[in-house]
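Asks: Below you'll find the structure I mean.
The values are calculated or read from the model by the stated rules, or taken from the named source; none is laboratory data. It should be emphasised that the depicted structure is a prediction, and the values quoted were computed from it without experimental measurement. Note that each Cβ is placed from the backbone with ideal geometry, even for glycine, and that neighbours are counted across all protein chains shown.
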Amino acid sequence: MNKDDDVNHASAASNRALSRRNFLKVSVTGAAIASAGGLSACMSRPMAAGKTTKALALYQGKPNRGERCAGCTHFEKPNGCEIVVGAISPNGWCRFHEPLPA
Ligand code: SF4
């Protein structure tokens with residue numbers, strides 16, 4: 001083994017270390033962004049990719065202060081919702097209620 005081989009081995013090891021470091025940086029950053037996005041989705045509306053559970057939507061089978069599913073933009077006749085999974089009552093309500101336009 002000559003001096004050039006030692007330099008090449010050291011350089012390759014250094015590159016691998018940098019790659020692992022960059023991977024970890026990207027992974028940690030990605031996880032932080034994903035967590036923030038998930039938290040944000042929980043605090044406002046559910047993610048567009050799927051429906052949320054009745055429990056997370058705070059769904060109830062009765063109206064709330066005059067608001068009910070039948071008067072919500074997300075209601076799908078006869079007993080569905082584009083946001084909440086499962087059958088719902090037209091007289092139900094959840095925290096994602098959005099009134100139909102007047
Ligand atoms: S009030 Fe909630 S459960 Fe009812 S239709 Fe609207 S979004 Fe769906």
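Asks: Mind checking which pairs have a first residue in the range 77-96 that is within 20 Å of residue 50 (Cβ to Cβ) and more than 6 Å from the ligand (Cβ to nearest atom) and a second that is part of a loop (DSSP other than H, G, I, E, B) and among the hydroxyl-bearing types (Ser, Thr, Tyr), Cβ under 8 Å, 6 or more apart or different chains?
Replies: Going by the 8 Å Cβ cut-off, the qualifying pairs are 79/89; 85/53.
Asks: I need a count of the residues in the range 55-70 that are near the ligand (Cβ under 8 Å from one of its atoms), of a type outside the set (A, V, I, L, M) and not in a loop (DSSP other than H, G, I, E, B).
Replies: 2
Asks: Follow-up. Those residues that are assigned to a loop (DSSP other than H, G, I, E, B), under 26 Å from the mean Cα position of the chain (by Cα) and surrounded by fewer than 21 Cβ atoms within 10 Å (Cβ to Cβ), I need them from the range 78-88; list them, please.
Replies: Across the range 78-88, the qualifying residues are 79, 82, 85, 86, 87.
Asks: Going residue by residue through the range 33-48, is there one that turns out to be modelled with pLDDT of 95 or more, of a type outside the set (A, V, I, L, M) and touching a strand residue (DSSP E or B) at 6+ places or on another chain (Cβ under 7 Å)?
Replies: The first filter runs over the range 33-48 and keeps only residues modelled with pLDDT of 95 or more, leaving none.
The answer is no, given that none of the residues of the range 33-48 is modelled with pLDDT of 95 or more, of a type outside the set (A, V, I, L, M) and touching a strand residue (DSSP E or B) at 6+ places or on another chain (Cβ under 7 Å).
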